[in-house]
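Data first, discussion second: the structure below is written as structure tokens.
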Amino acid sequence: DSGVTQTPKHLITATGQRVTLRCSPRSGDLSVYWYQQSLDQGLQFLIQYYNGEERAKGNILERFSAQQFPDLHSELNLSSLELGDSALYFCASSPQGVPYEQYFGPGTRLTVT
Amino acid sequence: ELKVEQNPLFLSMQEGKNYTIYCNYSTTSDRLYWYRQDPGKSLESLFVLLSNGAVKQEGRLMASLDTKARLSTLHITAAVHDLSATYFCAAIFMNRDDKIIFGKGTRLHILP
């Protein structure tokens, strides 16, 4: 158990809908990272937040957004969902802004029908 | 373009044999990571390599980094079935807005 929690574990929704994925980092970790894993695209870095501020951006679509709250949990919002958004979404946390080691959560499996 | 390339992508090997997974990256990277993923599971951090010539070992796995060649290797010694998993390398490019790029992964299957 990495200490990183993600909810929900599974999510099934229809195209065009909007969903919110939630991540709680390990106690004391200030950084949260979001990743998408799919068969087509592999593992892709989406975005990083450090202590409430956006720190680094990867291949995050404009339809997706994220934020980190004062209690350091983070939410990833996915809107206008398409079939191709079906994937595993992982979050990870690390103590600092530049990761020495990242601790991954169990993931949320999103299925868009 | 930022790229991280792993090879091979699939490896089937006998127990007791040695093998190496290669990870090339396209431009200067500040940190190189290796992860393990079991089927249906999350990623587990194995190694973080920070500098040229860095070598880290844990059990039958050893990772090294050559920043001049832009190459990291993950060496498996005397493989055992429990090491069957998918292994990913990833690089962080701090001079490119801290982007993190993953390789496609190497699916390792160790035959008993």
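Values in this text are rule-based calculations from the coordinates and carry no lab data. It should be emphasised that the depicted structure is a prediction, and the values quoted were computed from it without experimental measurement. Because the Cβ atoms are built from the backbone with ideal geometry, glycine has one as well, and the counts that use them run over all protein chains shown.
Residue order for B:S42, A:S27, A:S2, B:S12, fewest other beta carbons within 10 angstrom first, comes to A:S27, B:S12, A:S2, B:S42. Taken as Cα centroids, the stretch B:54-112 and the stretch A:1-33 sit 26 Å apart, rounded to the nearest whole angstrom.
Can you tell me the relative contact order of chain B? Whole percent, Cα pairs under 8 Å, sequence separation 6 or more. Mind showing how you got there, number by number?
Working: 284 pairs, mean separation 40.8, N = 112.
Worked out over chain B, it gives 36 percent.
Using only the C-alpha atoms, the convex hull of the protein assembly as shown corresponds to 120 Å³ per residue.
Please compute the contact order of chain A in relative form: average sequence separation of alpha-carbon pairs under 8 Å and at least six residues apart, divided by the residue count, as a percent. Please list the in-between numbers first.
Values: 295 pairs, mean separation 42.3, N = 113.
It rounds to 37 percent for chain A.
By the beta-carbon count within 10 Å of each Cβ, the least crowded to most crowded order of B:V4, A:V32, fewest first, is B:V4, A:V32.
What residue among A:E62, A:E53, A:E75 has the largest mean-square fluctuation in a Gaussian network model of chain A, using Cα springs under 10 Å? Between A:E62, A:E53, A:E75, it is A:E62 that shows the largest mean-square fluctuation. With viscosity 1.306 mPa s and temperature 10 °C, the Kirkwood radius over alpha carbon pairs of chain B converts through Stokes-Einstein to a diffusion coefficient of 113 µm²/s. Counting neighbouring Cβ atoms within 10 Å and putting the fewest first, the residues A:L72, B:L111 line up as B:L111, A:L72. Applying a DSSP loop filter and a limit of 11 other Cβ atoms within 10 Å to the trypsin sites (Lys or Arg not before Pro) in the stretch A:16-77 leaves A:R18. Over chain A, with a Gaussian network built from C-alpha contacts below 10 Å, which listed residue (A:L30, A:L78, A:L43) shows the highest mean-square fluctuation? Looking only at A:L30, A:L78, A:L43, the biggest GNM fluctuation is shown by A:L43.
If you run the Gaussian network model on chain A, springs between alpha carbon atoms under 10 Å, then out of A:N77, A:N59, A:N51 the most flexible one is A:N59.
Backbone geometry of the stretch A:25-34 corresponds, through the Karplus equation with coefficients 6.51, -1.76 and 1.60 at θ = phi - 60°, to 3J(HN,Hα) couplings of x, 4, 4, x, 7, 9, 9, 10, 10, 10 Hz, x marking Gly and Pro.
Across the cross-link table entries B:K3/B:K99; B:K3/B:K104; A:K57/B:K56; B:K17/B:K56; A:K9/B:K104, which are compared at the Cα atoms, the separations over 22 Å belong to A:K57/B:K56; A:K9/B:K104.
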